[in-house]
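Colleague: Quick one: structure below, then a few questions.
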Amino acid sequence: MFKRFTFVFLVVILLPVIFYAGWVINSLNTSEKILSQVYNQQLNAALITLNQYAWNQIDEWATSVDQLSGTNIDTLQDFLTRNPSLRLILTTDSLLSSIRLVGASAVHSVFPTGLRDSLQAKKDRLSQLNRFMAGNNYRKFEPFTLPSVNPIEKMVVVVFSSRNDPDRLLGFAVDAGRFTREVMRSRLNEVAGDEFIIGVLAGNPEQIVYATQEMENLEFKVTKPLWILPEYRIGIRLKGATADEIIENRLVLNMVLIGILSIVLVIGVVYIYRLVRREVDLVRLKTDFVSNVSHELRTPLALIRMYAETLEMNRVVSDEKRQNYYRIILSETDRLGRLINNILNFSRIESVRNPYQLSPLEVNPLVESVVSLYEVQFESQGFDWKFEKEEVAQIMADKEAIFEAIHNLLDNAVKYSGERKVIRIKTLKRQGAVGISVSDSGSGIDQKYHGMIFDKFFRVSTGLVHNTKGSGLGLALVQHIVKSHGGTIELKSSPGEGSIFILWFPARN
Ligand code: ADP
């Protein structure tokens, strides 16, 4: 029965709980991965937007320069003044045979050599720009960075073909640092919003040229080259913890929660399993109880009836025999009474909260009165018995209840004595307590049952007890009585060694 129960418990409850926890953790992992991908895509999209913005700005300037290139130097100079990120404008033919520079005189002296050399080095690529424009009617840019001492403040020269004159190349130098800090700044801040930090990087090792917020380290989640400014990169990350950290933290938190939930579930299931098991136990005990009790009721009734009938028919001649029959009838009536008493008492203690009336009680006379009920039985069944009393204090107790308790202990001592019929009844004293001890040399009780025999309906189902009928209520009743009086029960017993039950009650002050 319990094996099947354990099996059902494992298969129906525990395994699904474990599988469910596993499945949730796995799907959480998958959704975290998807989240992480979505987040990366968002970062990439933000960088593409910014790249496009920079490109559009350069394209706008290129259109203006193309339109102004035919006009006089002053207009171009004026254009440069209005756009401080632009340092110079160059005009040349596709063969680079004559290069004309317009720009602040201060930079003239710095750039020309480097600029000329760089232009010459790129001659082949530059000569294709005009062809590209002629073929596709599309303005292609050829950007390159001029050598510079400062690793992050560099000049980027952007060369492109003129739309108006297919033979002419135009270009300008962009102060990349200034461009990012002044032209791109508002757009960078706008895209960064409250959630992201965006920065422009250059140099080797990389340094920040401009960032939307101060950063302790240069850890960006995604970085991309800035299309229009070679050697410059743009990077983005989440403010505070990185998304990966957040996702990881969430994953750990989720796993911990699921772990706790599973443990709680398992504990709950185990708890319910034990409750159900207890109930099943109780149902079985109750069934046993019904069969035991009906036997307990029927046996004395049958005996009483048999002896009463015999007596009624006047068939018993000898006085001694008749006397014996009366005794049997009385003792069987007593046995019946005990059982009915126990059952009634039990239902009383289960329904009434405080069924006992306490008053000062002399222990020895009370114990004596119970023992006296057994004297005849002890003698007739050949018991070696003794009542050893000590001078003990009074206790506060319900006389009837204590009487019942001792009665039950004596009943058991007789029932479970077997062949070794030795019974001792004692009153004992201890600091502040009075004890009533009933011991026998009978079958004894295995240690593992010591905690259970006080449960209602519980009966040890082996050995002598197996053949002795009982209700399993006696000791439950004894325990209830003793506890209600603030006392304790001491039990010393092992199989074959007999048993000692001592009821300890607080002495009356
Ligand atoms: P009952 O005697 O009607 O079965 P009890 O509640 O009085 O019920 O006792 C519970 C169980 O404890 C008994 O079935 C028996 O197994 C065990 N028991 C009680 N007293 C003794 C004893 N003196 N010796 C051996 N076993 C005992």
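Every number here is computed from the coordinates shown, using simple stated rules; none is lab data. Not measured: the values here are computed from a predicted model. Neighbour counts run over all protein chains shown; Cβ positions are idealised from the backbone, glycine included.
Colleague: Mind checking which lysines have their Cα closer than 22 Å to the Cα of K221? Skip sequence neighbours fewer than 8 apart in that chain.
Modeller: K33, K239
Colleague: If you don't mind, another one. Using only the alpha-carbon atoms, how far is helix 399-415 inclined from the longest principal axis of the chain? Give it as 0 to 90 degrees, nearest 10.
Modeller: Relative to the chain, helix 399-415 is tipped by roughly 80 degrees.
Colleague: In addition: For each of I236, I489, I197, I481, count neighbouring Cβ atoms within 10 Å of the residue's Cβ, then give the residues from fewest to most. If you can, show how the numbers build up before the last one.
Modeller: On the way: I236 23, I489 17, I197 20, I481 27.
If I rank by nearby Cβ atoms, fewest first, I get I489, I197, I236, I481.
Colleague: Taking the Cα centre of region 83-237 as origin, work out the dipole magnitude from +1 charges on Lys and Arg Cβ and -1 charges on Asp and Glu Cβ, in debye rounded to 20.
Modeller: Working: 20 positive and 17 negative charges, 119 e Å.
The dipole of region 83-237 has a size of about 580 debye.
Colleague: So what is the relative contact order of the chain, in percent, for Cα pairs below 8 Å that sit 6 or more residues apart? Before the final figure, lay out the partial values.
Modeller: Details: 699 pairs, mean separation 50.2, N = 509.
Over the chain, the number comes to 10 percent.
Colleague: Can you give me the distance in nm between label points at E214 and V12, each placed 7 Å from the Cα along the Cα-to-Cβ direction?
Modeller: About 6.5 nm, to one decimal.
Colleague: A further question on this structure: As an exercise, identify the GluC sites (Glu not before Pro) in region 141-230 lying in DSSP coil whose Cβ has no more than 16 other Cβ atoms within 10 Å. The partial results should precede the final answer.
Modeller: Numbers: sites: E153, E182, E190, E195, E206, E214, E216, E219; in loops: E153, E195, E206, E214, E216, E219.
Within region 141-230, the qualifying GluC sites (Glu not before Pro) (loop, at most 16 other Cβ atoms within 10 Å) are E153, E195, E214, E216, E219.
Colleague: What number comes out for the charge environment of R284, summing +1 per Lys or Arg and -1 per Asp or Glu over other residues with Cβ under 14 Å away?
Modeller: On the way: positive: R277, R278, K286, K456, R459; negative: E279, D281, D288, D455.
Its environment carries a net charge of +1.
Colleague: Sticking with this structure for a sec: Can you give me the distance in nm between label points at E400 and N364, each placed 7 Å from the Cα along the Cα-to-Cβ direction?
Modeller: 2.8
Colleague: Next question, about the same structure. Give the shape of region 291-387 as rounded, prolate or oblate, defined through the alpha-carbon gyration tensor: a ≥ b ≥ c are the square roots of its eigenvalues, a/c under 1.5 means rounded, and otherwise the shape is prolate if a/b is larger than b/c and oblate if not.
Modeller: On the way: a/c = 2.80, a/b = 1.47, b/c = 1.90.
In terms of gyration-tensor shape, oblate.
Colleague: What are the trypsin sites (Lys or Arg not before Pro) within region 383-430 that DSSP puts in a loop, where the Cβ has at most 16 other Cβ atoms within 10 Å? Mind dumping the intermediate values first?
Modeller: Numbers: sites: K386, K389, K399, K415, R420, K421, R424, K426, K429, R430; in loops: K389, R420, K421.
Answer by residue number: K389, R420.
Colleague: Where in region 191-222 does the label zone of E153 land, with the point 7 angstrom along Cα→C-beta and an amide N cut-off under 18 Å?
Modeller: Residues 200-204, 207-211 qualify, since their backbone N sits under 18 Å from the label point.
Colleague: Using Cβ contacts closer than 10 Å as the measure, can you line up V392, V422, V11 from fewest to most?
Modeller: Numbers: V392 20, V422 15, V11 10.
Listed from fewest to most nearby Cβ atoms, that is V11, V422, V392.
Colleague: With a ≥ b ≥ c taken as the square roots of the eigenvalues of the C-alpha gyration tensor of region 337-438, please select rounded if a/c is under 1.5 and otherwise prolate if a/b is larger than b/c or oblate if it is not? Don't skip to the answer; put the middle values down first.
Modeller: Details: a/c = 2.31, a/b = 1.20, b/c = 1.92.
Since a/c reaches 1.5 but b/c is at least a/b, the shape of region 337-438 is classed as oblate.
Colleague: Evaluate the distance, in nm, between pseudo-label points positioned 7 Å from the Cα of A302 and of I340 along their respective Cα→Cβ axes.
Modeller: 2.0
Colleague: Would you calculate a helix-derived [θ] at 222 nm for the chain, using -39,500 (n - 2.57) for each DSSP H run of n ≥ 4 and dividing by the full residue count, to the nearest 500? Could the numbers behind the result be given before it?
Modeller: Numbers: 13 runs with 264 residues, N = 509.
Value at 222 nm, helices only: -18000 deg cm²/dmol.
Colleague: Assuming R0 = 60 Å, can you tell me the calculated FRET efficiency for the pair M255 and T63, based on Cβ-Cβ distance, to the nearest 0.05? Spell out each step's value before the answer.
Modeller: Numbers: r = 57 Å, r/R0 = 0.95.
Efficiency for this residue pair is about 0.60.
Colleague: Could I ask something else about it? Once fully extended, how much extra length lies between K33 and K321, figured as 0.36 nm per residue of separation less the alpha-carbon to alpha-carbon distance?
Modeller: Working: separation 288, 0.36 × 288 = 103.68 nm, distance 9.63 nm.
Contour length minus the Cα-Cα distance gives 94.0 nm.
Colleague: So how much slack lies between Y271 and T287, counting 0.36 nm per residue of separation and subtracting their Cα-Cα distance, in nm? Please list the in-between numbers first.
Modeller: Numbers: separation 16, 0.36 × 16 = 5.76 nm, distance 2.42 nm.
Net length gain for the segment: 3.3 nm.
Colleague: Now a separate question. Based on the Cβ-Cβ distance from N56 to Y20, what FRET efficiency comes out when R0 is 56 Å, to the nearest 0.05?
Modeller: On the way: r = 53 Å, r/R0 = 0.95.
It comes out at approximately 0.60.
Colleague: Excluding residues on the same chain fewer than 8 positions from K426, give the aspartates and glutamates whose Cα lies under 17 Å from its Cα.
Modeller: Cα-Cα hits under 17 Å: E362, E368, E375, D384, E388, E390, E391, E404, D411, D440, E490.
Colleague: Cut-off under 25 Å on the C-alpha distance; same-chain residues fewer than 8 positions from K456 excluded. Which lysines are left, in chain and number order?
Modeller: K3, K286, K399, K415, K448, K469, K483, K492
Colleague: Averaged over every viewing direction, what's the projected area of the C-alpha convex hull for region 371-509? Give it in nm², one decimal, please.
Modeller: On the way: hull surface 32.5 nm².
Quarter of the Cα hull surface area: 8.1 nm².
Colleague: Mind listing which trypsin sites (Lys or Arg not before Pro) in region 297-379 are in a DSSP loop and have 15 or fewer other Cβ atoms within 10 Å?
Modeller: For trypsin sites (Lys or Arg not before Pro) across region 297-379 that sit outside H, G, I, E and B with at most 15 neighbouring Cβ atoms in 10 Å, the list reads R315, R353.
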